[in-house]
Amino acid sequence: MNKLRVVLLFNLSFAISNLNAAPDTNENIIIANVWINGVDKTTEALYLDQNGVHYVECNVFAMLNIKKELFKTNPTKPEFCIVSEAPVSSEFDEKLQTVKINLPAEYFLSYEATQDFNFPDKASFGAFLNYDLFYRFQGAEKEFNSLSEIGVFKDYWKFNSALIQQKEGEKNHFSRLNTAFEVEFPKQFSVLTVGDTTSIYNPALGSFRYGGVSFGTNFTQRPDFVYWNMPTLQGSAILPSTVDLLINGVSIYQQKVTPGYFTLQSGASIQQAGDAQIVVEDILGNRTVQNFPVYINNQLLKPKLNEYNVSMGKIRYNYETKGDDYREFFSNIYFRRGITEKTTLGFNAAYSSDISNLGLLWTQALSKYALLDMTAIGSDNHSESGYSVATSISRNVGNISVGLSGKYSDPEFRMLGYSDQIFLTKFESLAYINFFNIPYLNNINFNFIQRESYPNVDHNMPATNDKVVNLGFSRNIGQDLSFATTYFKEFGDQDNQGVRFSLSYSFDSRRNLYADYSTENESRLQLSGRSGSPNGFDYNLGVNRRQNETFYNAYGAYKTSVGDLNFIYDYNNQYENAQLNYRGGLVWLDKKLAFTKLVDDAFALVEVDQYKDIDVYKSLSPAGKTSKAGHLFIHDLLPYVRYDLSFDQNQLPMEDKIEFSNKKITPLNQRGYIVNFPVHHTKVIVVRLVSEDQQTFAAGSEVYINDSQEYYPIGADGTVYLYGLKPDEYTLTLKTSGGKSCRSTLDIPAAKLQDMAAKTNELVCQ
């Protein structure tokens, strides 16, 4: 503000000189406070009253994010803007020495909120080895299986390969599960995969395994990117305001805006339908309301947003038993585009020597009421043509969820990758309606499922027709007890029905007792407990009664920082089964090896110099303590999620200095990241500053280090104690009480830090 006052006073003197040069003009120039639309902007500017026309210097509008180019200027003093000509108005308050200006919204700079993306950090170079060991014995039968996965990573790429080993009796079988090289392109929201992978999944298209090349978008897997249609909130405000989005009367989004036109993205958490309201309330309490219908669903892409995948290779069969069963070559193109906020269209084209497919995809919002999803696919199989059509309609609003879907395929229809299928589906349908949080019953759900297939002569499979109806409800009785019942009816090829009753009681947040009974002569009683943390002990003890037989079972999981040990035990008079499973990992990062939990997400190596037992935090939650070597591996970091890793700096010695105590990272899946917190060991350096003629300076003279505002006083013996210095080069500035000053350079090599701290160092101040 002081600088502004200087400028204003200068301009004022300049303006007054011009005024003196034109004595015939009736004008007055003063320094005035500026109010905009009734709000004190705590800013001063030159105010000119010339023959009843009001002016304010134009530069003040640029400072206040107001478009100064929209104002007309004074013909002889272009540095002044008119503020008394429509659509702008103003008045001068003599008591407050304030010019009060009223501006429309278009005079303010527009505000457009952009979506923030958590672009991932480049991974450090490292590797991991996952292992899963399984042992089971049932009577005289014994089985030992193991699964191992090796991964190597750096920057945005990752290579991994998995191998399974199965042993039954004297038989020992090895099989490769997958081998792939993957590169992510975060800014393009895409990924390239070379090796074993799966085709892009769609409920109507299914998915299959293959070996080959795949390239396409991956934003549906990213929690930071909102790819579906969201309402864009647009409007204007003449004052700082709060914009509130309400759907069905519930506030689900709020953001503050500056004056002017605004464009806001409403946020990723919205998945609703109904009547929406935009409420704009300014700082004076004035409110405006805009109503509109809305349907928001993540199956609909944003307008002009493309989702695509291009792949080719050989289809893979018998994945778990054979590592080299690759058969027919194929190519596939998948594409979807958001046409409008309510319409998404796409297609899928696939070709192989045996089967070719062409499918059309259409997703449509029906106003604010429902979502319609339709698919039509044709196939060509050795000159035999077939088709399949599928449709679904659903609506989720308030406490009701309802949906209906159906799929029909003619006898000759085949999908790529399903040449070995046993069941040839004819008709599939699903109907459901669910009520949530309703009075007395809490929750009610109903669903009907039907699946009908054609006979398969090649596999000697007859036609099937299965139909099932389920009806259930549940109710909470107090805070700890809940009751549920379910009725089911099978008809078609099978005729069966039954009712299941269940009770659940929670002793606390970690222990639970569960009991159920079925009219099919089956009952169960189960006690479970969980640790509620990544490390600890979980258990489950139960007894089952089935067809007049009693079964006892026990489950336990001992979770540690170096892996999880699980065991299962089942027993009755004629049957005994025991299973033991251990899952863990070995990671290598920054030339450090460590046994860890299974690496199925990202991880980080946090280093705090060589200090042990330092508390480390993951987004303010305790993550563990550093080891004797001064580091800690942090696991379970989700991809594309931003984490704040930090440590307790108060646990370091007082003489140590740190550059920073927290660091933010956004990881990629199955990658490792080095987070190093440098710690500098400092010393007290004693310096005697002398003049060029070897004279010491008077006691009380002030010594400044570099550009610091903190000073160190010179003692009676001419020395000064400089605290907290690390190896570096420093500029010392000495100022005497008489106003004289001089400078000297203090160079502290790392190798000489200890020696310099043990003596008095003499420097010449010039």
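Annotations for the structure displayed:
- Criterion applied to SER691, SER701, SER708 was being touching a residue at least 40 places away in the same chain (Cβ under 8 Å) and small (Gly, Ala, Ser), and the one residue passing it is SER691.
- GLY585 being on the phi > 0 side of the Ramachandran plot and of a type outside the set (Phe, Trp, Tyr): no
- Number of the condition not met by LEU637 [criteria: (1) touching a residue at least 60 places away in the same chain (Cβ under 8 Å); (2) surrounded by 15 or more Cβ atoms within 10 Å (Cβ to Cβ)]: (1)
- Of all the criteria given as (1) surrounded by fewer than 18 Cβ atoms within 10 Å (Cβ to Cβ); (2) in contact with a helix residue (DSSP H, G or I) (Cβ under 7 Å, 6 or more places away or on another chain), the one not satisfied by CYS81 is (1).
- Residue within the range 596-604 that is modelled with pLDDT under 90 and either of a type in the set (Ser, Thr, Tyr) or crowded, with 21+ Cβ neighbours inside 10 Å (or both) present: yes
- Residue check for ASP570: more than 18 Å from SER482 (Cβ to Cβ), free of Cβ contacts under 8 Å to residues at least 24 places away in the same chain and surrounded by fewer than 17 Cβ atoms within 10 Å (Cβ to Cβ): no
- Residue check, ALA180 aliphatic (A, V, I, L, M), surrounded by 15 or more Cβ atoms within 10 Å (Cβ to Cβ) and at pLDDT 90 or above: yes
- Count of residues meeting criterion [among the polar types (S, T, N, Q) and either touching a Cys at 6+ places or on another chain (Cβ under 9 Å) or assigned by TED's automatic domain parsing to the domain that holds LYS657 (or both)] in the range 707-735: 1
- Enumerated strands (runs of 3 or more DSSP E) restricted to the range 384-489, each holding at least 1 residues that are surrounded by fewer than 15 Cβ atoms within 10 Å (Cβ to Cβ) and hydroxyl-bearing (Ser, Thr, Tyr): 384-397
- Hits in the range 628-680 (condition: more than 25 Å from LYS726 (Cβ to Cβ) and in a loop (DSSP other than H, G, I, E, B)): LEU638, PRO639, TYR640, VAL641, ARG642, THR666, PRO667, LEU668, ASN669, GLN670, ARG671
- Scope the range 264-311; condition under 24 Å from GLN221 (Cα atoms), modelled with pLDDT of 65 or more, surrounded by 15 or more Cβ atoms within 10 Å (Cβ to Cβ) and not polar (S, T, N, Q); matching residues: LEU300, LEU301, LYS302, PRO303, LEU305, GLU307, TYR308
- Search result, residues across the range 559-575 that are assigned to a strand (DSSP E or B) and either more than 17 Å from SER531 (Cα to Cα) or touching a Phe, Trp or Tyr at 6+ places or on another chain (Cβ under 8 Å) (or both): LYS559, GLY563, ASP564, LEU565, ASN566, PHE567, ILE568, TYR569, ASP570, TYR571, ASN572, TYR575
- Total residues in the range 663-721, condition of a type in the set (Lys, Arg) and closer than 20 Å to ILE748 by Cα: 2
- Taking the listed residues SER528, SER474, the one that is over 30 Å from GLU452 (Cβ atoms), under 35 Å from the mean Cα position of the chain (by Cα), at pLDDT below 90 and of a type outside the set (A, V, I, L, M) is SER474, with no other qualifying.
- Taken as a whole, the condition of being of a type outside the set (Lys, Arg) and closer than 22 Å to PHE491 by Cα applies to ILE433.
- Scanning the range 123-158 for residues that are of a type outside the set (A, V, I, L, M) and within 15 Å of VAL599 (Cα to Cα) turns up GLY126, PHE128, ASN130, TYR131, ASP132, SER148, GLU149, GLY151, PHE153, LYS158.
- Meets criteria (of a type in the set (Ser, Thr, Tyr) and free of Cβ contacts under 8 Å to residues at least 40 places away in the same chain) for SER661: yes
- Number of the exception - GLY556 against (1) outside any strand (DSSP E or B); (2) over 26 Å from the mean Cα position of the chain (by Cα): (1)
- Of all residues in the range 578-595 being surrounded by 16 or more Cβ atoms within 10 Å (Cβ to Cβ) and of a type outside the set (A, V, I, L, M, F, W, C), the one that is nearest to ALA629 (Cα to Cα): GLY585
The values are calculated or read from the model by the stated rules, or taken from the named source; none is laboratory data. Values in this document were obtained by computation on a predicted structure and should not be read as measured data. Quick reminder, even Gly has a Cβ in these numbers, built from the backbone with ideal geometry, and neighbours come from all protein chains shown.
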